[in-house]
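First comes the structure, then the notes that go with it.
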There are 2 protein chains.
Amino acid sequence: MEVSGISTIKDVAKYTGLSIATISKYINGGNVLEENRRMIQEAIDVLDYRRNEIARGLKTNKTMTIGVLLPSLENIFFTSIVSIIEGILQQKGYGTIICDFKEDPTLERKKLEFLLNKHVDGIIMVSYSKEKEHIQALLDKKIPIILLDRMIKGLECDIVLADNLNASYQAVEELIIRKHRRIGIICGPDHTYTAEERKKGYVRVHHDYDVTIDDKLIRNGDYTVESGYQALVDLWKMEHPPSSILVTNYEMTIGAIMAVNDLNIRIPDDLSLIGFDNIQMAKVVRPPLSIVEQPMKEIGETAAKLMLKRLNNDYGDFPEVYRLKTNVHIKESVSTNI
Amino acid sequence: MEVSGISTIKDVAKYTGLSIATISKYINGGNVLEENRRMIQEAIDVLDYRRNEIARGLKTNKTMTIGVLLPSLENIFFTSIVSIIEGILQQKGYGTIICDFKEDPTLERKKLEFLLNKHVDGIIMVSYSKEKEHIQALLDKKIPIILLDRMIKGLECDIVLADNLNASYQAVEELIIRKHRRIGIICGPDHTYTAEERKKGYVRVHHDYDVTIDDKLIRNGDYTVESGYQALVDLWKMEHPPSSILVTNYEMTIGAIMAVNDLNIRIPDDLSLIGFDNIQMAKVVRPPLSIVEQPMKEIGETAAKLMLKRLNNDYGDFPEVYRLKTNVHIKESVSTNI
DNA sequence: TTGTAAGCGTTATCAC
DNA sequence: GTGATAACGCTTACAA
């Protein structure tokens, strides 16, 4: 017997001669006579019946889907996190609906709206928006939201992110330990959470080691390849260029390396360099690049598990803030300053 | 008036004093008295009503979601494609449920099953499986499937992929034109569609230019970084090493570059090198790496539009096969052989 | 253990 | 133009 189309409980009921309720009970693990058990299972196999989660959701008021809203799907930092999240949620029966807002706050709003219309059971998101109202509105509606990667001031919300401040603190510390005293930093745009945190770390470690800061060594990029390139050129062309530079995201790191190549700067003889985020790339450039590595896997795991907890209606410790530790890998691109 | 929870048509009906049917009609663009129009819209705004797509799907037998099943979310080639697909589908109201099978054929089956249980309206997938039965089963059920990146022999299915054969043909052609006669190639695993196609291109262009092939110059990796590294080392340690090498995917390209660095091979003086897929990385290594670039954007666009067409029940020209052209970017990593 | 029937939020078909 | 009402596939009391 072959099937056309998709079969329902009704079909299984017809096939077995039992009632819909009995089939439903069997499916949900209830007690059914051994004989009926066999018949039902046979019917299910033959008809290739699969429970319609949609109809089920109508009853249970769940869609068994989680929305994941990201600035970009072309950024390995985010997609690695999604990969982990998807795997964990899937094991619990949740589908992951992905939305990429192309780093455009307007699109962010639109896609958030879209996810709501899809009635996702929860949302995990990286927000670029400075406002908090739209997110607060969701919290008020008791829709579980988990923020990733950046904080929004004054918003009481679960959040999972890297310890950005100590990430740059430790990276710069490695440079200071190696006798560097003029340390450049290529920051992200002002008023951006991660950028501000990373700058704070730079400042704090200077204070802790009692090293004077030359403000001219602090450059703002905008997290793009081009801005990283330009910032490195600017730093290099200074009257007193730095002996080492920390670049604070992946794209700008790429730009900085391109500039280093174009300017024929010898790493680490002329300049020590520490980049951000992409371990794989760090291995292929020469000499091997020192890198600040964010704990993508841990971020994803933590976020997924926290989401599961909230879905389970466990709001203990709300809001929870996980600030996960980064790793600094010092490679040959950093030398001791003479 | 503030809302708690989520409101339904019923709530809007109560608020306005009209019937559910009328509200539904308004929502779906039917004719309603101007006065009622206003009232209803007001109610919708106040109550923040949004149509429950789940309930709607129960009626229309659509979930307005598309499953995207991929080998990996840590591969920029795939995620760039997803980014495009998601954008296009979203504009038409479709959510994109993503599944990453971690390059594990068992997981592939499981997650495909998962997507079916979620009753997605269509599936776009990159399959690693050699069997075709499970996909054929879906086609029989009239669930739109679009295959990406690789063909499955003997399966009548819509498919969108890069012209892998001519990709390697053209890359090797560039080397032959530059007087290279011993050209190494680091292939993917045998019996893998893309790998076989890329090898065919290598062979064909040799024939077309009447260049003898030394089988020892053809190495099989398994598309991992490590295998790329090892294959390059092996090629280099040959009695008569090649004067140029084509590496046929991104991961192996990374491995090859690492080997080049470790062996202190001068590019392009000692060896000309062409890699695959990641344009951004090609810019940061030194000298700039020549690259075969696959048309990710076009692949995503084509797949999404074809899916939309099938969802629209337009099965004209089924099955359609799009074999999209790649680009070879020759940079300083390739020199003319002396 | 099994079956009946109500209800989840929509849409669609009828009367009115 | 509007409003009952049945139906979509499922879960879940409750009755048998």
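All other residues whose Cβ lies under 9 angstrom from that of A:Ala43 are scored, Lys and Arg at +1 and Asp and Glu at -1, for a net of -2. In terms of its C-alpha gyration tensor, region B:112-167 has a prolate overall shape, because the principal axis ratio a/c (a ≥ b ≥ c, square roots of the eigenvalues) is not below 1.5 and a/b outweighs b/c.
In chain A, the convex hull through the Cα atoms has an average projected area of 22.0 nm², a quarter of its surface area.
Per-residue mean of foreign Cβ neighbours for B:52-61 is 5 (Cβ atoms of other chains, 10 Å radius). Taking the fewest neighbouring Cβ atoms within 10 Å as the starting point, the ordered list for A:Met281, A:Met39 is A:Met39, A:Met281. Between copies, the label points at B:Asp48 (set 7 angstrom from Cα along Cα-to-Cβ) are spaced 4.2 nm, reported in nanometres from shortest to longest. Look at where the Cα atoms of region A:217-259 and of region B:119-187 average out, and the two centres are 40 Å apart.
Given a Förster distance of 51 angstrom, what is the FRET efficiency for B:Lys237 paired with A:Asp104, based on the Cβ-Cβ distance and rounded to 0.05?
0.50
Rounded to whole Å, the principal axis extents of the Cα atoms in region A:250-299 read 37, 17, 16, largest first. Within region B:9-51, the ratio Rg/Rh, alpha carbon atoms throughout and Rh by Kirkwood, equals 0.89. Summing +1 for each Lys or Arg and -1 for each Asp or Glu among the other residues whose beta-carbon sits under 11 angstrom from that of A:Val126 gives -3.
Rounded to the nearest angstrom and ordered from largest down, what semi-axes does the equivalent ellipsoid of region A:1-159 get from its C-alpha gyration tensor (root of 5λ)?
For region A:1-159, the ellipsoid semi-axes come out as 41, 16, 13 Å.
For the segment A:77-89, counting C-beta atoms of other chains within 10 Å of every residue's C-beta and taking the mean gives 4. Mind checking the alpha-carbon convex hull of region A:243-338 and giving the volume per residue in Å³? Taking only Cα atoms, region A:243-338 has a hull volume of 102 Å³ per residue.
Beyond 22 Å in Cα-Cα separation lie the following of the pairs A:Lys62/A:Lys111; A:Lys111/A:Lys142; A:Lys59/B:Lys118; A:Lys62/B:Lys111; A:Lys10/A:Lys92: A:Lys10/A:Lys92. Between this copy and the others, label points of A:Ala137 are 4.3 nm apart in ascending order, each placed 7 angstrom from Cα in the Cβ direction. Taking amide H as placed 1.01 Å from N in the peptide plane, the amide H of B:Ile245 sits under 5 Å from that of B:Gly184, B:Ser272, B:Leu273, B:Ile274, each at least 5 places away or on another chain.
Amide H contacts of A:Asp100: A:Leu70, each under 5 Å away and 5 or more positions distant or on a separate chain (H built 1.01 Å from N in the peptide plane; Pro and chain starts excluded). Relative to the 2.2 N^0.38 Å rule of thumb, the protein assembly as shown has a C-alpha radius of gyration ratio of 1.08. 3J(HN,Hα) couplings calculated from phi for region A:151-158 with the Karplus curve 6.51 cos²θ - 1.76 cosθ + 1.60 (θ = phi - 60°) are, in sequence order, 7, 10, 4, x, 10, 8, 8, 4 Hz; Gly and Pro show x. Farthest toward the dipole's positive end in region B:196-338, which of B:Thr212, B:Gln294, B:Met238, given Cβ charges of +1 (Lys, Arg) and -1 (Asp, Glu) about the Cα centre? With unit charges placed on the Cβ atoms, the residue in question is B:Gln294. For A:Lys92 and A:Asp48, the FRET efficiency from 1/(1 + (r/R0)^6), where r spans their Cβ atoms and R0 equals 35 Å, is about 0.90.
Less than 5 angstrom separates the built amide H of A:Ile146 from those of A:Ile123, A:Ile124, A:Met125, all sequence-distant by 5 or more or on a different chain.
Dividing the summed -39500 (n - 2.57) terms of all DSSP H runs of n ≥ 4 by the residue count of chain B sets its mean residue ellipticity at 222 nm at -14000 deg cm²/dmol. The shape of region A:99-250 can be summarised by an equivalent ellipsoid whose semi-axes, obtained from the alpha carbon gyration tensor, come to 36, 17, 11 Å from longest to shortest.
For the segment A:253-260, counting C-beta atoms of other chains within 10 Å of every residue's C-beta and taking the mean gives 2. Taking only the C-alpha atoms of region B:285-338, Rg followed by Dmax gives 18.0, 58 Å. For the peptides B:301-314, A:180-193, the ranking by mean Cβ contacts within 10 Å, running from highest to lowest, is A:180-193, B:301-314. Can you classify region A:184-239 as rounded, prolate or oblate using the Cα gyration tensor, where a ≥ b ≥ c are the square roots of its eigenvalues, rounded means a/c under 1.5, and otherwise it's prolate if a/b beats b/c and oblate if not? Oblate.
For the residues A:Phe77, A:Phe276, A:Phe318, a GNM of chain A with alpha-carbon springs under 10 Å puts the largest fluctuation on A:Phe318. Sequence-ordered 3J(HN,Hα) estimates for region B:322-337 from the Karplus curve with 6.51, -1.76 and 1.60 and θ = phi - 60° stand at 10, 10, 8, 6, 9, 10, 9, 9, 8, 10, 5, 6, 10, 10, 6, 6 Hz, glycine and proline given as x. Over all Cα atoms in region A:164-294, the spread is summed up by Rg and Dmax: 13.0, 35 Å. Here the 3J(HN,Hα) profile of region A:270-277, calculated from phi with Karplus coefficients 6.51, -1.76 and 1.60 at θ = phi - 60°, is 7, 7, 8, 9, 10, x, 9, 5 Hz, Gly and Pro shown as x. Net charge within 12 Å of A:Asp222 by Cβ-Cβ distance, Lys/Arg positive one each and Asp/Glu negative one each, not counting A:Asp222 itself? Once all neighbours under 12 Å are counted, the net charge is -3. Within the straight-line cut-off of under 30 Å between alpha carbons, the lysines reachable from A:Lys237 are A:Lys179, A:Lys199, A:Lys200, A:Lys216, A:Lys283, A:Lys331, B:Lys283, B:Lys331, sequence neighbours fewer than 8 places apart in one chain being disregarded. Sorted from nearest, the other copies put their A:Lys237 label points 4.8 nm away, the label point being 7 Å from Cα in the direction of Cβ.
Every read-out reported here was derived from the displayed coordinates using simple, explicitly stated rules and does not represent laboratory data. In this text, all values refer to a predicted model and were calculated from it rather than measured experimentally. As a convention, Cβ positions derive from the backbone with ideal geometry for all residues, glycine included, and neighbour counts pool all protein chains shown.
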